[in-house]
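The values are calculated or read from the model by the stated rules, or taken from the named source; none is laboratory data. Here the structure is a predicted model, which means the values were calculated and not measured. Cβ atoms come from the backbone with ideal geometry, glycine included; neighbour counts cover every protein chain shown.
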Amino acid sequence: MTGLSRRQALIAAAALPLAPVLGAGPALARAEMQGGSQPLFHRFPLGAFEVTALLAGTRTTDKPQETFGLNASPEDFAALAEANFLPADRTQNFFTPVLVNTGAELVLFDTGLSAEGTGAALAAAGIGPEQVDIVVLTHMHGDHIGGLMAADGATPFYPNARYVTGTAEYDHWAAAGNEGFDKNVKPLAEKTTFLDDGGSPVSGLTALLAPGHTPGHMAWMVESDGQRLALTADTANHYVFSLQRPDWEVRFDADKAMGAETRKKVFGMIAADRIPFIGYHMPFPAVGYAEASGDGFRFVPQSYQHLLAG
């Protein structure tokens, strides 16, 4: 059978008047490219607590093997990167302070590279620096203590806070003649409480000595209503290179052998107990799990687990 059916003819006729109109006018404007986006905070419940991961900054660096896997061959490094869908010549670093609201205190773990960066993330999360009650310093590297002082370099950015850090860590840097420590941390000494492994500044927060990255580097356990979260700070600096290969040396680890042993110990515990953790330099929001895999661990990013717990 040839020709158009009545239905086809009606459709064709309806379309005919539109053809000249569609072709006659100027082209419709296209939407401008907006660029990539990145949230500045991620908040979730943990028992009766509320935890907020803060994106205080992120940056791209070249030649990642100059930082991770110093004792690995270039071939092994490139193979691991490729197996995890990563480039071997570039890496993205994240800086993630963590805010824990216990219901009685706001406790901030580390302060980022600058007050400006962490302050912007806090503001996005609806928090002012004057509301922070306690600032915990896991260790004294510049990307953890850089946000202690305001832009003038002399005024504490958290005016109502007291400070908590490890005794061994503080003593090491106090004797080191480090400019960043002397400028940002020493002026706060009278407001600082010093503790050791197992110390607790408030109920539900427990210090875990995790040396190697620095002499007194601390991880932390957060616990409320039977739910736990580990804050691993810089125990592992990369979610692939430092977790899947904990024996790979990291440029910024002061004691590289001890750093490797600490990674195995801390993440072995996290994997065995199936505890979620936040790693300071993990891909934001930096929350996930560690699964034992071979001689190391696989990072499993969190999805909706904490939404179900709320």
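Quick look at the numbers
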quantity	calculated
Given (1) at pLDDT below 95; (2) in contact with a strand residue (DSSP E or B) (Cβ under 8 Å, 6 or more places away or on another chain); (3) surrounded by 10 or more Cβ atoms within 10 Å (Cβ to Cβ), number of the condition G47 does not satisfy	(1)
Residue satisfying all of: in region 103-147; touching a helix residue (DSSP H, G or I) at 6+ places or on another chain (Cβ under 7 Å) and in a helix (DSSP H, G or I); farthest from R43 (Cα to Cα) among these	G142
Pick from region 119-154, criterion among the charged types (D, E, K, R) and touching a residue at least 12 places away in the same chain (Cβ under 8 Å), ranking: nearest to F95 (Cα to Cα)	D143
Any hit, region 232-254, residues being modelled with pLDDT of 95 or more, closer than 24 Å to D110 by Cα and part of a helix (DSSP H, G or I)	no
Matching residues, region 246-281, being in contact with a helix residue (DSSP H, G or I) (Cβ under 7 Å, 6 or more places away or on another chain), buried (at least 20 other Cβ atoms within 10 Å of the Cβ) and of a type in the set (D, E, K, R)	D253
The lone exception for L231 - which of (1) surrounded by 20 or more Cβ atoms within 10 Å (Cβ to Cβ); (2) free of Cβ contacts under 8 Å to residues at least 60 places away in the same chain; (3) of a type in the set (A, V, I, L, M) it fails	(2)
Matching entry among P39, P87 (being within 26 Å of F252 (Cα to Cα) and in a loop (DSSP other than H, G, I, E, B))	P87
Unique residue being small (G, A, S), within 19 Å of G147 (Cα to Cα) and free of Cβ contacts under 8 Å to residues at least 12 places away in the same chain when the list is A189, A176	A189
Residue count for region 161-213, restricted to those that are assigned to a strand (DSSP E or B), surrounded by 14 or more Cβ atoms within 10 Å (Cβ to Cβ) and hydroxyl-bearing (S, T, Y)	4
Residue list for region 12-36, filter: of a type in the set (G, A, S), at pLDDT below 60 and assigned to a loop (DSSP other than H, G, I, E, B)	G25
The lone exception for H306 - which of (1) modelled with pLDDT of 95 or more; (2) within 19 Å of the chain's Cα centre (by Cα) it fails	(1)
Within region 261-285, considering residues that are charged (D, E, K, R) and in a helix (DSSP H, G or I), the one nearest to the chain's Cα centre (by Cα)	R263
Check on T155, modelled with pLDDT of 95 or more, surrounded by fewer than 22 Cβ atoms within 10 Å (Cβ to Cβ) and of a type outside the set (G, A, S)	yes
